[in-house]
Amino acid sequence: MSDVTTSGATSRRVLLASAGAVGAGALLAACGSEAPATTPTGGATTSGATGETTGAGTVLGKAADIPVGGGVIFKEQGVVVTQPTAGQYVGFSNICTHQNCPVSQVEAGKIKCQCHFSEFSITDGSVLNPPAPRPLDKKEIKVENGEIKLA
């Protein structure tokens, strides 16, 4: 009878240790994978739903609505439009280059991703705070009749 108890206790220990190892492995994989992660909602300057893009000529919004030194995220069109200096408008993808999370905020001269706290310059999309490995992709935009459009 003692062999069954010892064998059962050993099996339980092995099972629990294995489950712990699998859980730790899954946690590490989630931090290092290239799969999209979930982003928190709220607190962002945004317009529309996440990640869909549209074609050239699509009106994103009014140039007057893009603050100097800041920007607006157009989620539905997959674009961030910034105005680093008065009259200078720049377009970027709204997808972080770290794990493909949508960026969530434009504040204090930075485009921010809340998934892993990468930050990008509103001027050129360059990485200001990793873990993002490269700048945001540029999106061609133009200003016509006071409107920001995809080029």
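The values are calculated or read from the model by the stated rules, or taken from the named source; none is laboratory data. In this text, all values refer to a predicted model and were calculated from it rather than measured experimentally. As a convention, Cβ positions derive from the backbone with ideal geometry for all residues, glycine included, and neighbour counts pool all protein chains shown. Heavy atoms of the whole protein, side chains included, go into the accessibility calculation; ligands, DNA and RNA do not. Shrake-Rupley method; radii C 1.70, N 1.55, O 1.52, S 1.80 Å.
Residue-wise test of (1) open to solvent by less than 20 Å² (accessible area, probe 1.4 Å); (2) touching a Ser or Thr at 6+ places or on another chain (Cβ under 6 Å); (3) of a type in the set (S, T, N, Q); (4) at pLDDT 95 or above.
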{"residue": "THR50", "(1), (2), (3), (4)": "no, no, yes, no"}
{"residue": "ALA56", "(1), (2), (3), (4)": "no, no, no, no"}
{"residue": "LYS62", "(1), (2), (3), (4)": "no, no, no, yes"}
{"residue": "GLY71", "(1), (2), (3), (4)": "yes, yes, no, yes"}
{"residue": "TYR89", "(1), (2), (3), (4)": "no, no, no, yes"}
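Could you please let me know if GLU34 is modelled with pLDDT under 55 and open to solvent by 70 Å² or more (accessible area, probe 1.4 Å)?
yes
Anything in region 91-104 that is among the polar types (S, T, N, Q) and either open to solvent by less than 20 Å² (accessible area, probe 1.4 Å) or in contact with a Ser or Thr (Cβ under 7 Å, 6 or more places away or on another chain) (or both)? List them, or say none.
The first filter runs over region 91-104 and keeps only residues among the polar types (S, T, N, Q), leaving 93-94, 97, 99-100, 104.
Residues satisfying the conditions are SER93, ASN94, THR97, GLN99, SER104.
Out of the residues in region 115-148 that are basic (Lys, Arg) and open to solvent by 70 Å² or more (accessible area, probe 1.4 Å), state the one that is farthest from VAL68 (Cα to Cα).
Top of the filtered list is ARG134.
For a quick check of your reading: which strands (runs of 3 or more DSSP E) sit entirely within region 49-138 and have at least 2 residues that are of a type in the set (Lys, Arg)? Give the derivation first.
On the way: elements: 59-62, 70-74, 79-83, 90-93, 105-107, 110-112, 119-121, 127-129.
So the answer is 110-112.
Please verify whether PRO130 is under 14 Å from PHE74 (Cβ atoms) and at pLDDT 95 or above, treating the condition exactly as stated. If you could, list the steps in order and put the result at the bottom.
Values: under 14 Å from PHE74 (Cβ atoms): no; at pLDDT 95 or above: yes.
In short, no.
Quick grid of which residues meet (1) in contact (Cβ under 8 Å) with a residue 24 or more places away in the chain; (2) under 9 Å from the mean Cα position of the chain (by Cα):
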{"position": "ALA86", "(1), (2)": "no, no"}
{"position": "VAL90", "(1), (2)": "yes, no"}
{"position": "HIS98", "(1), (2)": "yes, yes"}
{"position": "GLN105", "(1), (2)": "yes, no"}
{"position": "LYS112", "(1), (2)": "no, yes"}
{"position": "GLY125", "(1), (2)": "yes, no"}
